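Written out below as C-alpha cells is the structure these notes cover.
Since every read-out is calculated from the coordinates, none of them should be taken as a lab result. Note that the structure is a prediction, hence the values are computed from the model and not measured. Methodologically, a virtual Cβ is constructed for each residue, glycine included, from the backbone with ideal geometry; neighbour enumeration extends over all protein chains shown.
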Amino acid sequence: MLQFGKRATVTAIVLAALGVFTWARAGAVSAEGQANAAAEQAVLKAENARFAAMLKADAAALEKLLGDELSYTHSNAAVQDKKAFIDDIKTGKIKYLTVDATDQKVHVFGNTAIVTGGASVHVIQNGNDLTFKIRYTDAHVNRGGAWQMVAWQSTRLPS
C-alpha cells in the first residue's frame, strides 16, 4: 500500500510539473503572438505611410520609409532604385493621385516582413493619365525599430 502511495505522489508531481511547463509554454507562445501582431501592425503603418507620402510627393518621408537598397519594380516592368523612384515623384514625372490598397496581409519573419495586397491606382506618368488595378508583394526590413521597404513588385491586372 505504501508503494502505491509513493507512485501516486510521484505521478502527481510529474503531472503538476507538466502542467506548469505547458502553462509557461502557452504564455511564451502568447507573448510571441502579441509581439508578431504588433510587428504586423507596425509594418502596415509604414506601408500606408509610404502610400500617403507617394500621394503627397513627400520626398523626406520616402527617404525614411525606403531602404537604400530598394528595388522597385513597377507594374509596367520598369525597375528603379531608391534615388530614381524618389526623383520621379519629386519632379512630377510620376504623380500618384490615388492608391487605394486592399486586402493587405503581413507576414513577419524576425526583422523581415513580406506584405501582399492589391490596389487601385490612379497616376499620371510621363503625361499619361492611367487608372489600373494591381496585385503586389513587397519586403520590409526592421532597422532600429523602423520598418523600411526594400523591394516592391507589382503586376497590373487585366482591365
- Whole-Hz Karplus ³J(HN,Hα) for region 65-72, in order, using 6.51 cos²θ - 1.76 cosθ + 1.60 and θ = phi - 60°, x for Gly and Pro? 7, 10, x, 4, 8, 3, 10, 10
- In terms of the alpha carbon gyration tensor, root eigenvalues a ≥ b ≥ c, rounded if a/c is under 1.5 and otherwise prolate when a/b exceeds b/c or oblate, region 69-137 is oblate
- Query: What ranking do V79, V43, V99 get, fewest neighbouring Cβ atoms within 10 angstrom at the top?
  - Reply: V79, V99, V43
- Message: Taking a virtual spin label 7 Å from the Cα of A59 along the C-beta vector, which residues in region 102-143 bring their backbone nitrogen under 18 Å of it?
- Response: 126
- Sorting L97, L66, L44, L130 on the 10 Å Cβ count, fewest up front, what's the list? L97, L130, L44, L66
- Put in order of increasing Cβ neighbours within 10 Å, starting from the fewest, E47, E63, E40, E69 give E69, E63, E40, E47
- Task: Estimate the FRET efficiency between Q41 and D87 by the formula 1/(1 + (r/R0)^6), using the beta-carbon distance for r and 41 Å for R0, to the nearest 0.05.
- Result: 0.85
- Too long at a 22 Å Cα-Cα cut-off: which of K83/K105; K45/K93; K83/K133; K56/K93? K83/K105; K45/K93; K83/K133
- FRET efficiency, 1/(1 + (r/R0)^6) with R0 22 Å, evaluated for S159 and D103 via beta carbons: 0.65
